[in-house]
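The block underneath contains the structure these notes are about, expressed in structure tokens.
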Amino acid sequence: MQKDSNFESLRPLIEKAYDQRQLLEDDEVRQAILDTIEALDQGRLRVAEPTSDGWRVNQWVKKAVLLYFPICGMKTMEAGPMEFYDKIPLKHDFAAQQVRVVPHAVARYGAYLAPGVVMMPSYVNIGAHVGRGTMVDTWATVGSCAQIGEGVHLSGGVGIGGVLEPVQAAPVIVEDHCFIGSRCIVVEGAHIEAEAVLGAGTTITGSTKIIDVTQEQPVVYKGHVPARSVVIPGSYTRHYPAGDYNVNCALIIGQRKESTDKKTSLNQALRDHAVAV
């Protein structure tokens, strides 16, 4: 295990092996990959992390995840009567990590689940980071390298997309205390800022128009939802050679209040705007 202060010593080994795959036969390189994935699993490294200037993607860590697959062989894994055949082992020792995992939830090794996370029957993929106290509800999926903040509720059937390639692509980011309603889809590196509320069935992609309709003139965002926004599915009319058709979008119809605590603010936002969850 490398100490935190020495993580940067792993980086040149990972970068070189990513460009020269024959180096995967080298024991030092293989150990660097294993040390990086272990640090991801324990939350000591992240694929992306917040900085004073916004979020930074650690491309070399994504490269380590990609290199982990070819150095792992296929093997049979058993969990009680269930059998899996895969390269990546499952996470374990949840009690020691203070994480509640309900059957048949699955998290892959290399994903970090902070203390207080609850996984209903759901799935978290390698490279993902799930913050303290977050609920991953029934049939929700958290894709590879997705970054989920603290106190987030991913409701039933939510699909958080994963991304490994290209390595420079930003992962999906859902910041602290967001509420993502049932059957929402958030993919293609979309960024949901802190305390936002997505109503049931909202789809946010890297190119989805997110239209703030709370003022006299609409304000259009793409790829990110501003902090504390209350968002619902919508549509707008677009002209094509064959005629005019409705195209899906997302509508910002209000904001959560800063004057109340997060729980009260969330409940009030849902009541005020009649948002389905």
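Among rounded, prolate and oblate, which fits the stretch 4-71 when a ≥ b ≥ c are the square roots of the eigenvalues of its C-alpha gyration tensor, a/c under 1.5 means rounded, and a/b larger than b/c means prolate? Before the final figure, lay out each step's value.
Details: a/c = 2.10, a/b = 1.78, b/c = 1.18.
It is prolate, given that a/c is not under 1.5 and a/b is the larger ratio.
Compute the angle between helix 7-19 and the longest alpha-carbon principal axis of the chain, please, reported from 0 to 90 degrees and rounded to the nearest 10.
Helix 7-19 and the main axis of the chain meet at about 90 degrees.
Build a GNM of the chain with springs between Cα atoms under 10 Å: which of 193, 175, 28 gets the top mean-square fluctuation?
With Cα springs under 10 Å in the chain, the top fluctuation among 193, 175, 28 is at 28.
Give, as a single signed number, the net charge of other residues whose beta carbon lies under 9 Å from the beta carbon of residue 228, with Lys and Arg counted +1 and Asp and Glu -1. Walk me through the numbers before you get to the answer.
Details: positive: 256, 257; negative: 193, 195, 258.
Within the 9 Å Cβ shell, the charges total -1.
Quick one: dipole size for the stretch 86-169, taken about the Cα centre, charges +1 on Lys/Arg Cβ and -1 on Asp/Glu Cβ, in debye to the nearest 20. Don't jump to the answer; show the numbers that get you there.
Working: 5 positive and 5 negative charges, 23 e Å.
Roughly 120 debye, rounded to the nearest 20.
For a footprinting-style exposure proxy, rank 69, 7 by other Cβ within 10 Å, fewest first. Can you show the working numbers first?
Numbers: 69 12, 7 18.
Listed from fewest to most nearby Cβ atoms, that is 69, 7.
Could you give the length gained on full extension between residue 90 and residue 242, defined as 0.36 nm per residue of separation minus the Cα-Cα distance, in nm? Mind dumping the intermediate values first?
Working: separation 152, 0.36 × 152 = 54.72 nm, distance 5.01 nm.
Working it through step by step, the gained length comes to 49.7 nm.
Report, to the nearest 10°, how far helix 59-71 tilts away from the longest principal axis of the Cα atoms in the chain, using its own Cα long axis and a range of 0 to 90°.
50 degrees
Once you charge only the Cβ atoms, +1 for Lys and Arg and -1 for Asp and Glu, what is the size of the charge dipole of the chain about its Cα centre, to the nearest 20 debye? Write down the numbers at each step before the final one.
Working: 26 positive and 31 negative charges, 94 e Å.
Charge dipole of the chain: 460 debye, to the nearest 20.
Once every DSSP H run of n ≥ 4 in the chain is given -39500 (n - 2.57) and the sum is divided by its residues, what mean residue ellipticity at 222 nm do you get, rounded to the nearest 500 deg cm²/dmol? Present the calculation step by step, with values, prior to reporting the outcome.
Values: 5 runs with 57 residues, N = 277.
The per-residue figure over the chain is -6500 deg cm²/dmol.
Quick note: the coordinates plus some simple rules give every number you see, no bench work behind them. Just so it is clear, the structure is predicted and the values come from calculations on it, not from any experiment. Here Cβ is always computed from backbone atoms with ideal geometry, including for glycine, and neighbour counts include all displayed protein chains.
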